[in-house]
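Colleague: Before anything else, here's the structure in question.
What follows draws every value from the coordinates through simple rules; no lab data is involved. Remember, predicted model here, so these are calculated numbers, not experimental data. Positions of Cβ are backbone-derived with ideal geometry, glycine not excepted, and every protein chain shown enters the neighbour counts.
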Amino acid sequence: MSIVTLDRAKAHVNATHDLDDELIQHYIDAAEDYAARYMGRESLEDLLIEPDSDSEQSSEQPMRLPASVEQAVLLLVGDFYALREAQVTGTILTQNPAAESLLHFYRVGLGA
């Protein structure tokens, strides 16, 4: 089961319908796997943190990822959703440097 919710990812890619739910869920799973492997981790679960203790609903809120890791996953989901083919004519494809920058300090061996 993914950590980033389908609703959160759909909001990120501006999907207001349910037609692509299965596809977006697949992208979430792939993005979380990519992020974990980039950071040298088995999964993202060891990065989960408690919700803000100041919140009245903190006991009801699930564990969450650090904001930068969640944002990196969402950036990857957005890339996967927008670029569904391996090649795009007239465009240079590169890795997502923003996502990798957000994940960098959580890499194993860098003190996180």
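Colleague: Using a 7 Å offset from Cα along Cα-Cβ at Glu85, what residues in the range 15-38 end up with backbone N under 13 Å from the label point?
Modeller: What the label zone holds, given the 13 Å backbone N cut-off, is no residue at all.
Colleague: Pulled fully out, how much extra length does the chain show between Arg37 and Ala98, if you take 0.36 nm times their separation in residues and subtract their Cα-Cα distance? Write out the running numbers ahead of the final one.
Modeller: Values: separation 61, 0.36 × 61 = 21.96 nm, distance 1.64 nm.
In short, 20.3 nm is gained.
Colleague: Please report the net charge: other residues with Cβ closer than 14 Å to the Cβ of Leu75, K and R +1, D and E -1. Spell out each step's value before the answer.
Modeller: Details: positive: Arg8; negative: Glu32, Glu70, Asp79, Glu100.
Computed value for this residue: -3.
Colleague: Extending each Cα 7 Å along its Cβ direction at Arg64 and His17, get the distance between those two points in nm, one decimal.
Modeller: It works out to 3.0 nm between the two label points.
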